[in-house]
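Remarks on the structure that follows.
Taken together, the values in this text are just the output of simple stated rules run on the coordinates, not laboratory data. Predicted model only: the values in this text are computed from it and were never measured. With ideal geometry, Cβ positions are generated from the backbone for all residues, glycine too; neighbour counts draw on all protein chains shown.
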Amino acid sequence: MHIDGTCHCGLISFTAEVDASRVMICHCSDCQVLSVAPFRAVVAAPIATFVLRGAPKSYVKVAESGNRRAQVFCPECGTPLFATAPENATSVIIRLGCVRQRSQLMPAVQIWRRSAVPWLPELDRIDASPEQQAFLPAAPSQPGKGTSPDPRP
């Protein structure tokens, strides 16, 4: 499948060919921190099909598995774009959040499940809104207190 993507500000863009049946969700603690989310969805692309436009920044981290990975991101807006081996890369692991066709790339496998946050199975039970108009449930009122906050310091 041909994909294309960009960082949030548009400074960095890419195209690649991926196998849509090999999309993964990673629950490792590194992916949780680096994506500032409970997991990260990714897909691998052979380096020969990956075309990058722009000059991203990167840094190399060592994963719990012992693998060294260059984490590549936009120097302007900070969008995480992909990871790859720091030397002699044969593939790039593309972050689905920056892929335009992300809705067509359903995950086929989950890895590092032991690190998954325990509340993920409960998401279908949580109220949802199609836009930003979601609301938080009202806090239970305490006896003797009103529901509005006290304006005094």
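Here are the numbers:
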quantity: Karplus-derived 3J(HN,Hα), 6.51/-1.76/1.60, for each residue of the range 123-128, Hz, glycine and proline x; calculated: 4, 5, 8, 8, 3, 9
quantity: Kirkwood hydrodynamic radius (C-alpha pairs) into Stokes-Einstein, the chain, 37 °C and 0.692 mPa s, D in µm²/s; calculated: 184 µm²/s
quantity: Taking ARG22, ARG53 and counting other C-beta atoms within 10 Å, the order from fewest to most; calculated: ARG53, ARG22
quantity: Cut-off 16 Å, label 7 Å out along Cα→Cβ of ASP4, residues of the range 14-57 by amide N; calculated: 14-18, 50-54
quantity: Spin-label proximity, ILE111 to the range 32-69 - amide N less than 13 Å from point 7 Å beyond Cα toward beta carbon; calculated: 40-45, 63-69
quantity: Those trypsin sites (Lys or Arg not before Pro) in the range 88-132 that DSSP places in a loop and that have at most 12 other beta carbons within 10 Å; calculated: ARG100
